[in-house]
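Visitor: One structure, as structure tokens, below. Some questions next.
The values are calculated or read from the model by the stated rules, or taken from the named source; none is laboratory data. All figures in this text were calculated on a predicted structure; none of them were measured in a lab. We place every Cβ from the backbone using ideal geometry, glycine too, and count neighbours over all the protein chains shown. SASA here: full protein model, heavy atoms, side chains in, ligands and nucleic acids out. Shrake-Rupley method; radii C 1.70, N 1.55, O 1.52, S 1.80 Å.
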Amino acid sequence: MPVIRLPDGSERPFDQAVTVAQVAASIGPGLAKAALAGKVDGKLVDTSYLITQDATLAIVTDKYADGLEVIRHSTAHLLAYAVKELFPEAQVTIGPVIDNGFYYDFSYKRPFTPEDLEAIEKKMVELAKQDEPVTRKVLPRDEAVAYFKSIGEHYKAEIIASIPAGEDVSLYTEGKFTDLCRGPHVPSTGKLKVFKLMKLAGAYWRGDSKNEMLQRVYGTAWAKKEEQDAYLHMLEEAEKRDHRRLGKELDLFHMQEEAPGLVFWHPKGWAIWQVVEQYMRQIYRDHGYREVRCPQILDKSLWEKTGHWENYRDNMFTTESEKRDYAVKPMNCPGHILVYNAALHSYRDLPFRLGEFGSCHRNEPSGALHGLMRVRGFVQDDGHIFCAEEQIQSEVTAFNALVLKVYKDFGFEEVAVKLALRPQNRVGSDEVWDKSEEALRQALRASGMHWDELPGEGAFYGPKIEFHIKDSIGRSWQCGTMQVDFSMPARLGAEYVAEDNSRKVPVMLHRAVLGSLERFIGMLIEHHAGALPAWLAPVQVVVACISENQADYAEHVAQMLKKQGVRAESDLRNDKITYKIRDLSLQKFPYILVVGDKEKQAQTVAVRARGNVDLGVMPLADFMARLSGEILQRH
């Protein structure tokens, strides 16, 4: 006779074991219809799950994140069902949920085509409308292997065979299709109403290039059509804002096969870089950081001491000289400890703050590279604070305020904070990790910040605060970090003389505001759709003459602007002014100054702001005052 405790605190007794679906029905027909799954004592289960003893239960509907995940997982199975209906010889492999959707990999004799994609989606709609029940059964591992071999699904059989002997596995069936899965799934295919197949790609079986190339089908699924429409609109906007396309159109940078994952910066792109770097350099100065520069390659023995060699070796580029092994630095922290260790420090020196625009290299898989967003060579606005344990909270609290100011200056108003906790593969004792995690929590409380916790996602040497910024079309980007590290300073012999003349190991705070400058500039380009605010724009003003008669005056105005620190260019082409304005507008310059005979005679300029806004004729000094105010306010 189980008693079911509901989220509102109420209890419902039952005379016998009861399913999640029956509990939902006892509450009301509306909830019974909306139920997609249940959460029994915190565990996500099917609505058919039988509750045999007292338990807490939440009915999961499409209003909850768990409900959306169940919808997406179930839609992946619906996709596989449709593929098997249309292409019986295809073999199914794996089909996980991913951000905003799902994918499924198939083995088939030929690549799928866009026409196939349309047919598969049409079949999915047809199967969903049949509202076939989705049922679960459990089989012993070996029996499940035999079953999938008997129906020619050798990939599924291989997956199950890798499960330890003696374990049971769960299978889900809808109509004529059965798949291996932990679940849970929606109670019937009719619950799946809003989905769309997005694209095709290739993927190696088990991610190994020595294995067969499979056909990957990506899709998206949502609870409501308006949510999917909003997502598809966001994707359209993202395509328009793609930094790779804008980088080419605006002549900012390029990448090519001769240097995979590395960036060729063009003059305009490098101008943006310089503005960003100089802004951050001023932030360093204003907040007590001393800038340093450390070597690019360091002996293997150093990376062994820090733990990187054991925990990060696969991501490191290595080299050899005179029978010594070296690694190209993937991060800056060991070098900063060596700078700290070059002198003896007292407790009076703490906190000791170092900053570096440090060039790092990481051996990212080629398939993961993505323009400026994922590269092999990058520069971090990296900083490390050596401090006493009692200084952690004040240093982290000050950093929290700093990071929010920087993001606001760059135009990012929405910031989500997350706390990444100890991973399975880590260095240091549980006691040290407890201390580190609690120190960050205390600093977040002191900052008045709300945060979410991410178990298992910390760095191998310490927990970290992550700052996720939301861009103008609603996408979230993980950006700055603050990490507490009790381990690495001790490993490299860092210490300070305490007030009682004893030697103590400092705590090391790893912090970055922007993270990778390459990635942050890519984010800026997409956030502003290439139309960077005046203070960031690579060219802030272009002076265009109406005819050759004013070429000398246009060039004079451009030179006057340059002398006052403005990034200005002149357009002296012998083309119609309407053509020049249209052409210059496509380059997204903040201001175009047009000069004709009248402006030349009166020593004025006709000002056009970005977006084809005519601000009229004014003396150059008045325009400069306007531009200077805009730059000062970082608008």
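Visitor: How far is helix 620-633 tilted off the main Cα axis of the chain, in degrees rounded to 10, range 0 to 90?
Guide: Value to nearest ten degrees: 40.
Visitor: Sticking with this one: Keeping the other protein chains in place, figure out the carbon and sulfur percent of the accessible area of the chain, with a 1.4 Å probe.
Guide: Answer for the chain is 49 percent, counting heavy atoms of protein chains only.
Visitor: Assuming a viscosity of 1.002 mPa s and a temperature of 20 °C, what translational diffusion coefficient in µm² per second does Stokes-Einstein assign to the stretch 581-635, Rh being the Kirkwood radius over Cα pairs?
Guide: Rounded to a whole number, D works out at 181 µm²/s.
Visitor: List the pair-distance distribution P(r) of the stretch 53-140, using every Cα-Cα distance, as the percent of pairs falling in each 5 Å bin from 0 up to the bin containing the longest distance, rounded to whole percents.
Guide: All Cα pairs, binned at 5 Å, distribute as 3, 12, 18, 22, 20, 11, 7, 4, 2, 1, 0 percent.
Visitor: Kindly rank 457-463, 321-327 from highest to lowest mean number of other beta carbons found within 10 Å of each residue.
Guide: Going from most to least packed, we get 457-463, 321-327.
Visitor: Here's another thing I want to ask about it. With bins 10 Å wide starting at 0, give me the P(r) of the stretch 203-353 over every alpha carbon pair, in whole percents.
Guide: All Cα pairs, binned at 10 Å, distribute as 8, 17, 24, 28, 17, 6, 0 percent.
Visitor: Please turn the phi angles of the stretch 479-490 into ³J(HN,Hα) values with the Karplus equation 6.51 cos²θ - 1.76 cosθ + 1.60 (θ = phi - 60°), one per residue in order, whole Hz, x for glycine and proline.
Guide: 10, x, 9, 9, 10, 9, 9, 8, 9, 4, x, 5
Visitor: Another question, then. How large, in Å, is the stretch 30-97 by the Kirkwood hydrodynamic radius built from its alpha-carbon pairs?
Guide: 13.7
Visitor: Between residue 129 and residue 457, what is the FRET efficiency for a Förster distance of 30 Å, r being their Cβ-Cβ separation, to the nearest 0.05?
Guide: 0.15
Visitor: Determine ³J(HN,Hα), in whole Hz, for all residues of the stretch 169-177 in sequence, where each value follows from phi through the Karplus function 6.51 cos²θ - 1.76 cosθ + 1.60 and θ = phi - 60°; x replaces Gly and Pro.
Guide: Along the stretch 169-177, the couplings run 10, 9, 10, 10, 10, 9, x, 8, 10 Hz.
Visitor: For the stretch 262-317, compute Rg over Rh where Rg is the Cα radius of gyration and Rh is the Kirkwood radius from the inverse mean 1/r over Cα pairs.
Guide: 1.13
Visitor: Evaluate the Kirkwood expression for the hydrodynamic radius of the chain, namely the inverse of the mean inverse distance over all pairs of different C-alpha atoms, and round to one decimal in Å.
Guide: Radius from the Kirkwood sum: 29.0 Å.
Visitor: Taking the chain as the reference, fit the longest principal axis to its C-alpha atoms, fit the long axis of helix 392-409 to the helix C-alpha atoms, and give the angle between the two in degrees, 0 to 90, nearest 10.
Guide: Here the helix axis deviates by roughly 70 degrees.
Visitor: To continue, here is another question. When every alpha-carbon pair in the stretch 118-235 is counted, what percent end up more than 26 Å apart?
Guide: Roughly 35 percent, rounded to a whole number.
Visitor: If I model a spin label at residue 324 and residue 151 as a point 7 Å from the Cα along the Cα→Cβ vector, what separation in nanometres do I get?
Guide: 6.2
Visitor: Between residue 498 and residue 199, what length in nm is gained on full extension when 0.36 nm per residue of separation is reduced by their alpha carbon distance?
Guide: 101.6 nm
Visitor: Starting from the Cα gyration tensor of the stretch 169-227, take the square roots of the eigenvalues, sort them a ≥ b ≥ c, and report rounded, prolate or oblate (rounded when a/c is under 1.5, otherwise prolate if a/b is larger than b/c, else oblate).
Guide: Note, shape of the stretch 169-227 comes out oblate.
Visitor: Further question on the same structure: What FRET efficiency comes out for residue 548 versus residue 286 if R0 is 41 angstrom and r is the Cβ-Cβ distance? Round to the nearest 0.05.
Guide: After rounding, the FRET efficiency stands at 0.30.
Visitor: Could you calculate, for the stretch 342-393, the ratio of the Cα radius of gyration to the Kirkwood radius, expressed as Rg to Rh?
Guide: When Rh is taken as the Kirkwood radius, the ratio is 1.21.
Visitor: Something else about it: Short version: ³J(HN,Hα) in whole Hz for each residue of the stretch 241-251, in order, from phi by Karplus 6.51 cos²θ - 1.76 cosθ + 1.60 (θ = phi - 60°), x for Gly and Pro, what are they?
Guide: For the stretch 241-251, the Karplus curve yields 9, 3, 5, 5, 5, 5, x, 6, 5, 9, 6 Hz.
Visitor: Here's something else I'd like to know. Helix-only mean residue ellipticity at 222 nm, the chain, DSSP H runs n ≥ 4 weighted -39,500 (n - 2.57), per residue, nearest 500. What is it?
Guide: So the helix-based figure for the chain works out to -11000 deg cm²/dmol.
Visitor: In addition: Just want to confirm a number: the relative contact order over the stretch 385-462, from Cα pairs under 8 angstrom separated by 6+ residues, in percent.
Guide: 45 percent.
Visitor: For the stretch 309-352, count the residues as N, evaluate 2.2 N^0.38 Å, and divide the Cα radius of gyration by that value, please.
Guide: My calculation over the Cα atoms of the stretch 309-352 gives 1.59.
Visitor: In cubic angstrom, how much convex hull volume per residue do the alpha carbon atoms of the stretch 437-489 span?
Guide: Cα convex hull per residue, to the nearest whole number: 99 Å³.
Visitor: Let me ask something else about it. Between residue 363 and residue 3, what's the calculated FRET efficiency when r is the beta-carbon distance and R0 is 60 Å? Round to 0.05.
Guide: That gives a FRET efficiency of 0.60.
Visitor: Per the Debye formula with a single identical scatterer at each Cα and no solvent contribution, what log10 I(q)/I(0) holds for the stretch 470-530 at q = 0.15, 0.25, 0.26 Å⁻¹?
Guide: -0.62, -1.00, -1.04
Visitor: Compute the accessible area per residue over the chain, keeping the other protein chains in place, probe 1.4 Å, unit Å².
Guide: Ligands and nucleic acids excluded, the result is 48 Å² per residue.
Visitor: Follow-up question, since we're still on this one. What does the highest-first list of 230-243, 38-51 look like by mean Cβ count within 10 Å?
Guide: So the order, starting with the most tightly packed, is 38-51, 230-243.
Visitor: Now for a different question. Taking only the alpha carbons of the stretch 58-104, what extent do you get along each of the three principal axes, in Å, biggest first?
Guide: Projected onto its principal axes, the Cα set of the stretch 58-104 covers 40, 18, 13 Å.
Visitor: Report the paramagnetic label zone for residue 346: residues of the stretch 499-518 whose backbone N is under 13 Å from a point 7 Å from Cα along the Cα-to-Cβ axis.
Guide: Correct set: 499-502.
Visitor: Find the relative contact order for the chain and round it to a whole percent, using C-alpha pairs within less than 8 Å whose residues are 6+ positions apart.
Guide: It rounds to 9 percent for the chain.
Visitor: Let me ask something else about it. By average Cβ neighbour count within 10 Å, what is the ranking of 124-137, 472-485, 529-542 from highest down?
Guide: Per-residue mean Cβ counts within 10 Å order the peptides as 529-542, 472-485, 124-137.
Visitor: Based only on Cα atoms, what mean projected area does the convex hull of the stretch 275-422 have, in nm²?
Guide: Computed as one quarter of the Cα hull surface, the answer is 11.5 nm².
Visitor: Also, quick follow-up: Give me the one-decimal nm value for the distance between modelled label points at residue 85 and residue 634, 7 Å along each residue's Cα-to-Cβ direction.
Guide: With each label placed 7 Å out from Cα toward Cβ, I get 5.5 nm.
Visitor: Let me ask you something else. Could you give me D for the stretch 428-543, from Stokes-Einstein at 37 °C and 0.692 mPa s, where the hydrodynamic radius is the Kirkwood radius over C-alpha pairs? Units µm² s⁻¹, please.
Guide: My calculation gives 191 µm²/s for D.
Visitor: Which listed residue (178, 274, 482) has the Cα farthest towards the positive end of the charge dipole for the chain, taking +1 on Lys and Arg C-beta and -1 on Asp and Glu C-beta about the Cα centre?
Guide: Of 178, 274, 482, it is 274.
Visitor: Something else: Once you have the Kirkwood Rh of the stretch 1-116 from its Cα pairs, apply Stokes-Einstein at 10 °C and 1.306 mPa s and quote D in µm²/s.
Guide: It comes out at roughly 98 µm²/s.
Visitor: Along Cα→Cβ, 7 Å out, is where each label goes; now give me the distance between the ones at residue 209 and residue 31 in nm to one decimal.
Guide: 5.4
Visitor: For the stretch 1-52, what's the radius of gyration and Dmax over Cα atoms, in angstrom?
Guide: 10.2, 26
Visitor: May I pose another question? Percent of Cα-Cα pairs more than 24 Å apart in the stretch 527-635, please.
Guide: 15
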